[in-house]
1. Enter the accessible area per residue of the stretch 66-151 (Å², integer; probe 1.4 Å; all protein chains in place).
2. What is the dipole size for the chain, taken about its Cα centre, with +1 at each Lys and Arg Cβ and -1 at each Asp and Glu Cβ, in debye to the nearest 20?
3. Pick out which of 73, 189, 132 has the largest mean-square fluctuation in a Gaussian network model of the chain, springs linking Cα atoms closer than 10 Å.
4. Quick one, could you list the DSSP H helices from the chain stretching 20 Å or more along their long axis (Cα atoms) with average Kyte-Doolittle hydropathy of 1.0 or above?
5. Roughly to the nearest percent, how much of the accessible area of the chain is carbon and sulfur, given a 1.4 Å probe?
6. Toward the positive end of the charge dipole of the chain, about the Cα centre and with charges on Cβ (Lys, Arg +1; Asp, Glu -1), which of 53, 154, 19 goes farthest?
7. What per residue convex hull volume, in Å³, comes out for the stretch 84-222 when only alpha-carbon positions are used?
8. Considering the chain as a Gaussian network with a 10 Å cut-off on Cα pairs, which listed residue, 100, 186, 125, attains the greatest mean-square fluctuation?
Amino acid sequence: GLDLMTTVYENAILALIITSIITFIFIKTQSFHKSVTLDNHIGPQKIHLKDTTRIAGLALFINYIIINFFLPDQISKIMFVFLFSSIAAFLSGLLEDLTKKIKPLYRLLASILTGFTFTIIFDIKISNIDIDLLGFLFQNHIFSLSFTVLCIALLVQSTNIIDGLNGLAIGYAILVVVSIFLVSIKVEDEILKSLMIILLGGLVGIFIFNFPKPYIFLGDGG
């Protein structure tokens, strides 16, 4: 109802403020942690021109943990599952951000674990992709579940690949969240709509430090 949405909008603003404060602190204290948090600009895939802090993902994760204590129960429970499901991918990515020594295979396996945890807890799977020739495959529970987990894992990896350019990864994430928000309005799913609003608050809190000039990147943990 109206009271729920008022609380959600207030929490979204709070998420924006908390994420902005944490991100600002990370940027201003860069001289103390740059030996472990900077992303160098050397390498064929590097587009940025100078070393940049890459731990905005940590700011997001901390923010959503804090915000979860203020959310209405029905939304808080789902947010907790989101956070719990993402732990494997988040920690493997954060360790890579800090040590630069976590192999891509290990991070991929962590993303697969995250995808598996998410699909099992929420009991969801892709059961149809509207390609008649492949339709029979998705009638198999194991194939359908495996395909869903792989899609989630590859989505995580693909988002990571585009990080490192002014506003690109965060901008993409914001567009995805807004798109899901619009779909949630269409299907009248108040819980999903509320989650997207809160997620958007945290993302915008990073975006203002990432575009037009990137002071910080999401990093593998993001």
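The values are calculated or read from the model by the stated rules, or taken from the named source; none is laboratory data. Given the structure is predicted, the values throughout are model-derived calculations rather than measurements. Quick reminder, even Gly has a Cβ in these numbers, built from the backbone with ideal geometry, and neighbours come from all protein chains shown. Just so you know, the surface numbers come from the protein's heavy atoms only, side chains and all, with ligands and any DNA or RNA stripped out. Shrake-Rupley method; radii C 1.70, N 1.55, O 1.52, S 1.80 Å.
1. 63 Å²
2. 900 debye
3. Comparing 73, 189, 132 in a Gaussian network model of the chain, the most mobile one is 132.
4. Helix filter hits for the chain: 2-28, 73-99, 104-122, 141-161, 168-186, 190-207.
5. The computed percentage sits at 71.
6. After comparing all options, I get 53.
7. Here the figure is 130 Å³ per residue.
8. Among 100, 186, 125, the largest mean-square fluctuation in the Gaussian network model of the chain belongs to 186.
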